[in-house]
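K.L.:
Questions regarding the structure given below will be posed in turn.
The values are calculated or read from the model by the stated rules, or taken from the named source; none is laboratory data. Computed from a prediction, not measured in an experiment: that's the story for all the values here. Methodologically, a virtual Cβ is constructed for each residue, glycine included, from the backbone with ideal geometry; neighbour enumeration extends over all protein chains shown. Quick note on the areas: whole protein, heavy atoms, side chains included, nothing else; ligands and nucleic acids left out. Shrake-Rupley method; radii C 1.70, N 1.55, O 1.52, S 1.80 Å.
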Amino acid sequence: MIIVLFLLSFGVVGIYIYYYNRWKHLWALETNNASHYVIRQNTDTTLRVAMIGDSWAGLHYKHKMDAYLSAILEQRINRSVLVESNGKGGEKTRGIYKLMFQTGEFGTKQLLSLKPDYCIISAGINDAAANLGTKQYCYYYRQILDFLLANGIRPVVLEIPNVNIWHLYGRKPYKDLVVDFVRSTMTGCKMYQFVGYRDALYQMLEKERLMDKVVYVSMNDWNDASPDIDQNLFVSDQIHLNRRGYEKLDSCIAMAIAKDLENTSNPSFVY
């Protein structure tokens, strides 16, 4: 009996190691080989704001929220504002970073090369849904921040909200759920849990002394029901915002940017 249990345990460990080596490329950290490009310097007084990332950024454009954010921000700062957004549904932070150096349907190189003053970043929900781990998430998020800051673009960090990943992904076939669980053990994260990702990013910003270099938009700032999610702000999948949700989020973003512009102690933004 002991021998049988030993053989079974040995077999399980062997299978685990086999699949770890087979899947480890999914959460591997790649060396930054991206080529930096020319960022055009603007001479007018228009405030330019970009939004990049996942489906939240993509739907921001599709729902015509760029014009809405431009309008409410103009009211706050009494100045012309141009907002442009582009995002790819289902994209993880690694992919969002790579898209910053690409053109085409989802590439954001053209958007960033126009030198926005601020860049809103929506990233993290898909990393958590894919159980890729906080190490990879923070690594590529830092790459995004480093590129923006190096080019004088002020990052606007959207804190991952309390979306219900289980509501959507928990309906997967049983074998897929088992695979996702095993992968979560390999990356050291809880299955379909975003809280660890949110906390890890916040801690990274604090540890690397980046908090004063970004505009941090907390979920509590726009979600009145926090820490629970106000379902009236979301569509039925409980992950994506509806029109009302975007209006609440954009109002919060506009307030945060306006407040940041008032901070004359920020030497990077003198107009």
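K.L.:
Taking 7 Å along the Cα-to-C-beta vector as the label spot, tell me the Arg209-Glu262 distance in nanometres, rounded to one decimal.
P.N.:
Here the modelled spin labels are 2.7 nm apart.
K.L.:
Moving to a separate point now. Using θ = phi - 60° and the Karplus curve 6.51 cos²θ - 1.76 cosθ + 1.60, what whole-Hz ³J(HN,Hα) does each residue of region 234-249 get, with Gly and Pro shown as x?
P.N.:
Coupling constants for region 234-249: 10, 7, 5, 6, 6, 10, 9, 6, 8, 4, 4, x, 5, 5, 5, 5 Hz.
K.L.:
Then there's this: Using only alpha carbon positions, build the gyration tensor of region 93-225, then give the equivalent ellipsoid semi-axes as the square roots of 5 times its eigenvalues, largest first, whole angstrom.
P.N.:
Values: eigenvalues 149, 61, 40 Å².
Each semi-axis is the square root of five times an eigenvalue, giving 27, 17, 14 Å.
K.L.:
Accessible area, 1.4 Å probe, largest first: how do Asp199, Asp228, Asp117 sort? Mind showing how you got there, number by number?
P.N.:
Numbers: Asp199 70, Asp228 105, Asp117 20 Å².
So, going from the largest accessible area down, we get Asp228, Asp199, Asp117.
K.L.:
Shifting gears a bit: If each residue of separation counts as 0.36 nm, what is the full-extension length gain between Tyr16 and Asn151 once their alpha-carbon separation is subtracted? Present the calculation step by step, with values, prior to reporting the outcome.
P.N.:
Working: separation 135, 0.36 × 135 = 48.60 nm, distance 4.34 nm.
Fully extending the segment from Tyr16 to Asn151 adds 44.3 nm.
K.L.:
For the chain, the longest stretch holding no trypsin sites (Lys or Arg not before Pro) located in a DSSP loop with at most 11 other Cβ atoms within 10 Å is which? All intermediate terms of the calculation are to be shown ahead of the outcome.
P.N.:
Values: sites that count: Arg40, Lys64, Arg171, Arg209.
Between the exposed loop sites, the longest stretch runs 65-170.
K.L.:
At 222 nm, what value in deg cm²/dmol follows for the chain if DSSP H runs of at least 4 each add -39500 (n - 2.57) and the sum is divided by all its residues, to the nearest 500?
P.N.:
My calculation for the chain gives -14500 deg cm²/dmol from helical runs alone.
K.L.:
Need the list of aspartates and glutamates near Lys207 for cross-linking: C-alpha distance under 14 angstrom, and skip anything on the same chain fewer than eight residues off.
P.N.:
Straight-distance partners of Lys207: Asp199.
K.L.:
I've got another one for you. Students often get this wrong, so try it: which of (1) 16.6; (2) 15.5; (3) 13.6 is mean projected area of the Cα convex hull in nm² as calculated from the structure shown?
P.N.:
(1)
K.L.:
Let me ask something additional. Apply the Debye scattering formula to region 37-138, with a single equal point scatterer on each alpha-carbon and no solvent, then give log10 I(q)/I(0) at q = 0.17, 0.20, 0.21, 0.24 Å⁻¹.
P.N.:
Taken in order of the listed q values, log10 I(q)/I(0) reads -0.78, -0.99, -1.06, -1.22.
K.L.:
Nearest 5 is fine: what % of DSSP beta bridges in the chain come out antiparallel, could you say?
P.N.:
Values: 1 of 20 bridges.
Looking only at bridges with both residues in the chain, the antiparallel portion is about 5 percent.
K.L.:
Same structure again: In the chain, carbon and sulfur make up what percent of the accessible area (probe 1.4 Å)?
P.N.:
Details: 7720 of 14140 Å².
Roughly 55 percent of what the probe reaches on the chain is carbon or sulfur.
K.L.:
Something else now. With every protein chain present, what accessible area does Thr43 have (1.4 Å probe, heavy atoms only), rounded to the nearest 10 Å²?
P.N.:
Solvent-accessible area, nearest 10 Å²: 140 Å².
K.L.:
Among the aspartates and glutamates, which have Cα under 13 Å from the Cα of Lys172 when same-chain residues fewer than 8 positions away are ignored?
P.N.:
Those aspartates and glutamates meeting the cut-off are Asp180.
K.L.:
In terms of modelled amide H atoms, which long-range or inter-chain residues lie less than 5 Å from the amide H of Ser85?
P.N.:
Sorted by chain and number, the residues that satisfy this are Met51.
K.L.:
Hey, another quick one. Please compute the per residue accessible area over the chain with all protein chains in place, 1.4 Å probe, rounded to a whole number of Å².
P.N.:
On the way: 14140 Å² over 271 residues.
Ligands and nucleic acids excluded, the figure is 52 Å² per residue.
K.L.:
Next question. Can you list residues from other chains, or at least 5 along the same chain, whose modelled amide H is less than 5 Å from the amide H of Val156?
P.N.:
Sorted by chain and number, the residues that satisfy this are Cys119, Ile120, Ile121, Val215.
K.L.:
Compute the distance in nm between two label points, each set 7 Å from the Cα along the Cα-to-Cβ direction, one at Val178 and one at Asn220.
P.N.:
4.2 nm
K.L.:
May I pose another question? Where the only charges are on Cβ atoms (+1 Lys, Arg; -1 Asp, Glu), what is the dipole of region 171-228 about its Cα centre, to the nearest 20 debye? Show your work: numbers first, answer last.
P.N.:
Numbers: 9 positive and 9 negative charges, 83 e Å.
Value, rounded to 20: 400 debye.
K.L.:
Relative to the present Cα-Cα distance, how much length would full extension add between Lys109 and Asn242 at 0.36 nm per residue of separation? Please list the in-between numbers first.
P.N.:
On the way: separation 133, 0.36 × 133 = 47.88 nm, distance 2.73 nm.
This chain segment gains 45.1 nm when fully extended.
K.L.:
How large is log10 I(q)/I(0) at q = 0.09, 0.14, 0.19 Å⁻¹ when the Debye formula is applied to the Cα atoms of region 157-271, each weighted equally and without solvent?
P.N.:
Treating every Cα as an identical point scatterer, log10 I(q)/I(0) equals -0.34, -0.75, -1.10.
K.L.:
Could you pull out which residues in region 89-120 have an amide N less than 11 Å from a spot 7 Å beyond the Cα of Arg79, following the Cα-Cβ vector?
P.N.:
117-118
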